[in-house]
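Enquirer: Let me give you the structure first, and then I'll get to my questions.
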Amino acid sequence: MTEMTETEQTWPEAESARYRAAGHWQGTTFGARLRQSAAAHGERVALVDGDRRWTYADLDAEADRVARGLRSHGVGRGDRVVVQLPNRAEFVLVWFGLQRLGAIPVHAMPGHRRREIGHLVRGSGAVACVVPDRHARFDHRELMRSVRSEHGPGRSPRVVVVVGDPGQESGFVSFEALRTASSPTPVGSSPEAFRGPCADDVRGPCADDGGADPADVALLLLSGGTTGLPKLIPRTHDAYAYNARACAEVCALDERTVYLAVLPIGFNFTFACPGVLGTLMAGGTVVVAPDPSPQTAFALIEREGVTLTSLTPPLVSHWIDEAASGVWNLGSLAVVQVGGARLPEEHARALGPALGVTVQQVFGMAEGLINLTRLDDPEDLVRATQGRPVSPDDEILVVDADGRPVPDGSPGELLTRGPYTLRGYYRAEEHNRTAFTPDGYYRTGDVVRRLPTGHLVVVGRIKDQINRGGEKIAAIEVEEQLLTHPVITAAALVGVPDEHRGERTVAFVVCDGEAPGVREVAAHLRERGLAEYKTPDEVVQVAALPLTAVGKIDKAALGAELSRR
């Protein structure tokens, strides 16, 4: 496997040449693509957030403004910037501003807290962070103060951009002040520190992409984190653009498409499957939903004429129930994608008639491979499978424990490589040696069955990871933090089936005395800096944890015991 530098990810030259010849890689950066879209679509509405609207020309101009502001604070080509914003238009504005500089956004989730954000800052070497002032009753400014204090001078982000009120903290700047910055370099800083492309005349345009190459890393996504904290996934301009474009082609996106971003906008699913990027690349309109409730979403569908949206399985039953009220006009909505976790067949069967839409199942990963059911697939494939690869050059192997291919219909681990699947995690050479085969196939850890049609049925996972409503939880990370509680002496986190979330989490604990309740555990983990969604749904005290023959905790036995209760 080819080694990767910090700023680019390489495929073998023969494969790269094949992907370019096939037209998958088009040799254009995202900064340049936005410039082209502004020229092509001009006054068409690109982005809607509440009463605020941006045309393609507006979005292009905003990217220039944000790029100038970021450059004035020392952000330039190749610099990493952690972006932790909820569903607001500013995520898109910041993202394209970074692309205009050739800088690299690191997609953080709104629910991440000190432990996760600190890890992302360290792992990426971020020079800046972008956060809201408050979201969901949580103060992100206090979070950033904690992260900066923990890392100390020289290792913490130099600047924190706050959407909203930045407060009085040194190094914190409001997004509005940033986008209206009039000085190309901050006072007291040396000009050579600024490597960004924007002209010294701030009234003039920025370069398309800060000199970035289409083979450069365009963004860093987060893995599900099966061994603790998430790993960083490098996605290049060429490969990620193809990711979005291939999904957009399967979904038949065009200038009439109106996409509603319901799930967190920084999720790969929401952002590029086809999501925000696929819609903008097709000349359509992106509408940002501030929350995922069906009431909020249905009102936006009515008002904006939404044609496509994406959900996770836990939302499906709520949308079905709200649609039954009969008070909403959802006539514009044509397709609802469901992914992030396996959709129960009964929900897949009910969703289409309830909303009057075509249901599309999605199975993908931030590392690359995306599978979609097709809009004209037979109903049985839509209900019972998680789709097939979007690219003819997605290579799929389904193998047994010894790495040997299994027949269609038999379960095995999914291995994959292709024109938009990573060839190595960022700054993780040791992990890369085991995460990939010698010939470049990514070991997904997912157990699937492949049908003769090429559709995949997800059976389970090899890795000890719990999928709670689309949120990936590494059991080992939570277990390690549970053991810091003063009375817990042993712990095992197990995922058990749940009708609404796919899986819920149960912490089996051995304690010196009475076990703490769920609320006490939640408070303890919050104090340890863990995200709220990683808190166990249930805590069960046991005398001892069962072990397998080789001395490992027998989680299958724990799950079976729970089902007998």
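The values are calculated or read from the model by the stated rules, or taken from the named source; none is laboratory data. The structure presented is a predicted model; accordingly, all values stated were derived computationally and were not measured. Note: ideal-geometry Cβ built from the backbone for every residue, glycine included; neighbour counts use all protein chains shown. Areas reflect the complete protein model, heavy atoms only, side chains present, ligands, DNA and RNA absent. Shrake-Rupley method; radii C 1.70, N 1.55, O 1.52, S 1.80 Å.
Enquirer: Looking at (1) open to solvent by 60 Å² or more (accessible area, probe 1.4 Å); (2) outside any strand (DSSP E or B); (3) touching a Leu at 6+ places or on another chain (Cβ under 9 Å); (4) of a type outside the set (Ser, Thr, Tyr), which is the one condition that is false for ARG443?
Expert: Here ARG443 meets the rest and fails (2).
Enquirer: Based on this model, can you work out whether ASP377 counts as buried (at least 20 other Cβ atoms within 10 Å of the Cβ), more than 29 Å from ARG235 (Cα to Cα) and modelled with pLDDT of 95 or more? Reasoning before the result, please.
Expert: Working: buried (at least 20 other Cβ atoms within 10 Å of the Cβ): yes; more than 29 Å from ARG235 (Cα to Cα): yes; modelled with pLDDT of 95 or more: yes.
So ASP377 passes the test.
Enquirer: Right, here's the next one. Going by the structure shown, is ARG349 within 28 Å of ASP380 (Cβ to Cβ) and basic (Lys, Arg)? First the steps, then the outcome.
Expert: Numbers: within 28 Å of ASP380 (Cβ to Cβ): yes; basic (Lys, Arg): yes.
Judged against the criteria, ARG349 is a match.
Enquirer: Can you confirm whether the range 491-514 contains a residue that is touching a helix residue (DSSP H, G or I) at 6+ places or on another chain (Cβ under 9 Å), in a strand (DSSP E or B), open to solvent by less than 30 Å² (accessible area, probe 1.4 Å) and more than 21 Å from GLY228 (Cα to Cα)?
Expert: Looking for residues that are touching a helix residue (DSSP H, G or I) at 6+ places or on another chain (Cβ under 9 Å), in a strand (DSSP E or B), open to solvent by less than 30 Å² (accessible area, probe 1.4 Å) and more than 21 Å from GLY228 (Cα to Cα), one finds none in the range 491-514, hence no.
For every residue, the table says whether it meets (1) assigned to a helix (DSSP H, G or I); (2) touching a residue at least 40 places away in the same chain (Cβ under 8 Å); (3) touching a Pro at 6+ places or on another chain (Cβ under 8 Å); (4) on the phi < 0 side of the Ramachandran plot.
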site: LEU263; (1), (2), (3), (4): no, yes, yes, yes
site: PHE269; (1), (2), (3), (4): yes, yes, no, yes
site: VAL276; (1), (2), (3), (4): yes, yes, no, yes
site: THR279; (1), (2), (3), (4): yes, no, no, yes
site: GLY283; (1), (2), (3), (4): no, yes, no, no
site: GLN295; (1), (2), (3), (4): yes, no, no, yes
site: ILE301; (1), (2), (3), (4): yes, yes, no, yes
site: THR309; (1), (2), (3), (4): no, yes, no, yes
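Enquirer: Same structure again: Suppose we keep only residues that are small (Gly, Ala, Ser) and surrounded by 16 or more Cβ atoms within 10 Å (Cβ to Cβ) within the range 515-549. Which one would you say is nearest to the chain's Cα centre (by Cα)?
Expert: Per the stated criteria, the residue is ALA531.
Enquirer: Is it fair to say ASP64 is over 26 Å from GLY284 (Cβ atoms), in contact (Cβ under 8 Å) with a residue 12 or more places away in the chain and acidic (Asp, Glu)?
Expert: On the way: over 26 Å from GLY284 (Cβ atoms): no; in contact (Cβ under 8 Å) with a residue 12 or more places away in the chain: yes; acidic (Asp, Glu): yes.
When the stated conditions are applied, ASP64 does not pass them.
Enquirer: Looking at ARG44, ARG53, ARG88, ARG18, can you tell me which residue is without any contact (Cβ under 8 Å) to a residue 12 or more places away in the chain and more than 19 Å from ASP208 (Cα to Cα)? Break it down stepwise before answering.
Expert: Numbers: ARG44 fails: without any contact (Cβ under 8 Å) to a residue 12 or more places away in the chain; ARG88 fails: without any contact (Cβ under 8 Å) to a residue 12 or more places away in the chain; ARG18 fails: without any contact (Cβ under 8 Å) to a residue 12 or more places away in the chain.
ARG53 is the lone residue from the list that is without any contact (Cβ under 8 Å) to a residue 12 or more places away in the chain and more than 19 Å from ASP208 (Cα to Cα).
Enquirer: I'd like to check which strands (runs of 3 or more DSSP E) are fully inside the range 314-393 and have at least 1 residues that are out of contact with any Ser or Thr (no Cβ under 9 Å at 6 or more places or on another chain).
Expert: Values: elements: 335-338, 358-364, 370-372.
Counting at least 1 such residues, we get 358-364, 370-372.
Enquirer: Scan the range 465-478 and tell me whether some residue there is surrounded by fewer than 17 Cβ atoms within 10 Å (Cβ to Cβ) and free of Cβ contacts under 8 Å to residues at least 60 places away in the same chain.
Expert: Within the range 465-478, not a single residue is surrounded by fewer than 17 Cβ atoms within 10 Å (Cβ to Cβ) and free of Cβ contacts under 8 Å to residues at least 60 places away in the same chain.
Condition check ((1) in contact with a Gly (Cβ under 9 Å, 6 or more places away or on another chain); (2) surrounded by 15 or more Cβ atoms within 10 Å (Cβ to Cβ); (3) more than 17 Å from GLY529 (Cβ to Cβ); (4) modelled with pLDDT under 95) across all residues:
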{"position": "GLY111", "(1), (2), (3), (4)": "no, yes, no, yes"}
{"position": "PRO132", "(1), (2), (3), (4)": "yes, yes, yes, no"}
{"position": "SER146", "(1), (2), (3), (4)": "yes, yes, no, no"}
{"position": "SER156", "(1), (2), (3), (4)": "yes, yes, no, yes"}
{"position": "VAL173", "(1), (2), (3), (4)": "yes, yes, yes, no"}
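Enquirer: Here's something else I'd like to know. Among the residues of the range 316-336, what is the count of those that are at pLDDT below 95, open to solvent by less than 30 Å² (accessible area, probe 1.4 Å) and either among the aliphatic types (A, V, I, L, M) or on the phi > 0 side of the Ramachandran plot (or both)?
Expert: 1
Enquirer: Filter the range 65-78 for residues that are crowded, with 24+ Cβ neighbours inside 10 Å and part of a helix (DSSP H, G or I) and give the result.
Expert: VAL66, ALA67, ARG68, GLY69, LEU70, ARG71
Enquirer: Could you please give the count of residues in the range 446-457 that are surrounded by fewer than 20 Cβ atoms within 10 Å (Cβ to Cβ) and within 23 Å of LEU311 (Cα to Cα)? Even if it seems obvious, please write down each step before you answer.
Expert: First, pick out the residues of the range 446-457 that are surrounded by fewer than 20 Cβ atoms within 10 Å (Cβ to Cβ): 447, 449, 451-454, 457.
Add one more test, that the residue is within 23 Å of LEU311 (Cα to Cα), and what stays is 447, 457.
Result for the range 446-457: 2.
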